[in-house]
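A quick write-up on the structure given underneath.
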Amino acid sequence: MKVELARIAGFCMGVRRAVDMALSASNGGDRPVYTYGPLIHNPSVLALLDVRGVKVLRHIPACGEGMVIIRAHGVPPGDKERLISAGFDVIDATCPRVVKVQMLARHYSAKGFWCVLAGDRGHPEVVGIMGHAEEGRCILVDSEGSVGALGLSGPYVILAQTTQDEDRFDRLSGLIMDRYPDGRVFNTICDSTHRRQEEARRLAMTADAVVVVGGRQSANTRRLAGIVEECGKTAIAVETEDDLDRKRLAGFRRIGVTAGASTPNWVINKVAREIEATPGVFEPVWRRVAYRSVRFLHESSLCTAMAGGALAWAAAVALGSSLVPAIPVSFLYIFAMHTLNRLIDREAGAYNDPLRVRFLVRHKSFFFGASLIAILASLVMALGLGFRPFLMLLILTCLGIFYAAPVIPAGLRRKALKDLPGSKALFVSIAWAAVSVIVPAAARPFEPVRLAWFALACAFVYLRTALMELLDVQGDRIVGKESLVIAIGEAKTLQLIRTGAVALAISGLFLSILGQFSWRPVAFLPASLWLYYLSRFFSGARIRENLKLEFMVESGFFILLFSVVVMSAWG
Ligand code: SF4
């Protein structure tokens, strides 16, 4: 089934900030952690927070202890004061954009203006904003019918709940201004909401139906479904992939997928992937076969292993090693290590790529056995090259197996090597470069060109792994995994990848221009520029589609191989 994902969907800035604050608080020790009311309107996230020990405080007790997180919707100032007086430490996760509306309500009502708030009656954000205005100076308007009963006398301002529909707000404020001209309009609708709604309209134009993913209580999710229906298309609201009616979906040719601001990426991806996997009645057989093949390559780690094989092939051509066993040793080693690590470390994968985890778990015995055979086969091949290659591969294999296993002595904060901040990109880059460059030629005397190629390959794999970590950031953050992206943030990681890709391209070029190692280093130029392009592509506001993006990242190794083969042919 053809699926088009909305370019803007999932956690908005305010929700992501609130969830991050709650997750950080839950990592902070033994003190109880609460959210004042449900943090966001999404059952998957609430269930996750519950598992992490973050409980919901529905009423403020006379006395209490621990931390209380105020959700992104905000609260009236009186609630915050009562929480503090009860003895809680309060973490205010009110979205800065909601704070701006609260401040406007406070400022204008204190100056004697009426505040007319366009919003949904009873919504926590509305309750919070009204609580910031002077007593009795804020009036809620939730329909065109309620405009007539306003009875305004004197100056007033019109404000909007941040998730209101633009068209509806324009209509309401136009009606009010026609009736009571002495007013001023502040369009306080969040641009994130606006862009989401525009994207839902665009999807409704191009798709036959649009699946809207989000909690049933989420106002902005319901509004997205309403927009799709206003455009004359079918809107299918679901909370998770379990709500999908596959029979109904099969009758559409093209399905759009969008989601409310409180829907996590892992839920959106699961829904999108389930729809993709649903055979459509109009879908040609070749498309179904192609999709299943691509998905199998991705979920079985064969795609990653092929990338490792391509790196070894490129190194063998550049350094004059024999292609056999260099390519199979690298392919088998990388296949085994990635499969075993994914089987051992399934916690973050359950959020980042749940379908892959489900696939691996379903065929656990097969993949476990296949990994052991791959390890043995690669060791036997390495032994055929000599004792040194065998020993080196054995060390790399032990490191690879113990990377995710709890081998660090009890009593220390970190349990496994994978828990060391930023360790994954470093370990993976050294292992890939060593197995593809050093192991095949380890029996030969030392050559400087091998060291140079090892360093360039290491840097290349490091940048590739940092890009992959960007795909996994949401799940890693949830389970508290300290990846490079978590340690330095998404923006800095992207900057590091860009700078690294440019530095790698320039280093390769200069080494070749200076006559060092002939054409070999410059072969990294096209592949580095590809990584640079991907870093820009990743920074666009789009949902991380693991399947497609992982293939794009791994294709960098085939670009490298192609460059090496072409350059070696030209000499
Ligand atoms: S939708 Fe906008 S205002 Fe509301 S929480 Fe998200 S970023 Fe903040």
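The values are calculated or read from the model by the stated rules, or taken from the named source; none is laboratory data. Everything quoted here is computed from the prediction, not taken from an experiment. Methodologically, a virtual Cβ is constructed for each residue, glycine included, from the backbone with ideal geometry; neighbour enumeration extends over all protein chains shown. Note: accessible area is taken over every heavy atom of the protein model, side chains too, but ligands, DNA and RNA are not part of it. Shrake-Rupley method; radii C 1.70, N 1.55, O 1.52, S 1.80 Å.
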Problem set entry | Sole residue being open to solvent by 20 Å² or more (accessible area, probe 1.4 Å), part of a helix (DSSP H, G or I) and touching a Ser or Thr at 6+ places or on another chain (Cβ under 7 Å), chosen from Arg97, Arg82 | Arg97
Exercise. Is it true that Gly128 is crowded, with 22+ Cβ neighbours inside 10 Å, touching a residue at least 12 places away in the same chain (Cβ under 8 Å) and at positive phi?
Worked result: no
For this session: Would you check if Leu525 is modelled with pLDDT of 90 or more and either touching a Leu at 6+ places or on another chain (Cβ under 8 Å) or on the phi < 0 side of the Ramachandran plot (or both)?
Result: yes
Seminar exercise, completed: Ser321: passes all of (1) over 30 Å from Ser192 (Cβ atoms); (2) in contact with an Asp or Glu (Cβ under 9 Å, 6 or more places away or on another chain); (3) of a type outside the set (Asp, Glu); (4) open to solvent by less than 40 Å² (accessible area, probe 1.4 Å) but (2)
Exercise. Which condition breaks for Arg444 when tested against (1) surrounded by fewer than 21 Cβ atoms within 10 Å (Cβ to Cβ); (2) not in a loop (DSSP other than H, G, I, E, B); (3) not aromatic (Phe, Trp, Tyr)?
Worked result: (2)
For this session: Within the stretch 142-171, work out how many residues are of a type outside the set (S, T, N, Q) and closer than 24 Å to Gly74 by Cα.
Result: 10
For this session: Could you check, for the stretch 255-273, whether at least one of its residues is of a type in the set (S, T, N, Q), in a strand (DSSP E or B) and either surrounded by 18 or more Cβ atoms within 10 Å (Cβ to Cβ) or in the same structural domain as Val435 (by TED's automatic domain parsing) (or both)?
Result: yes
For this session: Please name all residue pairs, on different chains or six or more residues apart, with Cβ atoms under 6 Å, provided the first residue is in the stretch 418-440 and is touching a residue at least 24 places away in the same chain (Cβ under 8 Å) and open to solvent by less than 20 Å² (accessible area, probe 1.4 Å) and the second residue is of a type in the set (Phe, Trp, Tyr) and part of a helix (DSSP H, G or I).
Result: Ala425/Tyr462; Ser429/Tyr462; Ala433/Phe454; Val435/Tyr333; Val437/Trp453; Val437/Phe454
For this session: Enumerate the helices (runs of 4 or more DSSP H) found wholly within the stretch 333-401, keeping only those where 1 or more residues are surrounded by 15 or more Cβ atoms within 10 Å (Cβ to Cβ), among the polar types (S, T, N, Q) and in contact with a Phe, Trp or Tyr (Cβ under 8 Å, 6 or more places away or on another chain).
Result: 349-352, 364-385
Problem set entry | Single unsatisfied condition, Gly64 versus (1) within 25 Å of the chain's Cα centre (by Cα); (2) more than 16 Å from the ligand (Cβ to nearest atom) | (1)
Problem set entry | Residue satisfying all of: in the stretch 1-36; crowded, with 18+ Cβ neighbours inside 10 Å and assigned to a loop (DSSP other than H, G, I, E, B); nearest to the ligand (Cβ to nearest atom) among these | Cys12
Problem set entry | Scan of the stretch 86-117 for residues that are within 13 Å of the ligand (Cβ to nearest atom) and either touching a Pro at 6+ places or on another chain (Cβ under 9 Å) or over 30 Å from Asp30 (Cβ atoms) (or both), ordered by number | Pro96, Arg97, Val98, Val99, Lys100, Val101, Gln102
Exercise. Does Gly260 satisfy being touching a residue at least 40 places away in the same chain (Cβ under 8 Å), touching a helix residue (DSSP H, G or I) at 6+ places or on another chain (Cβ under 9 Å), within 17 Å of Gln164 (Cβ to Cβ) and within 16 Å of the ligand (Cβ to nearest atom)?
Worked result: yes
Problem set entry | Residue that is surrounded by the fewest Cβ atoms within 10 Å (Cβ to Cβ), among those in the stretch 67-77 that are assigned to a loop (DSSP other than H, G, I, E, B) and within 16 Å of the ligand (Cβ to nearest atom) | Val75
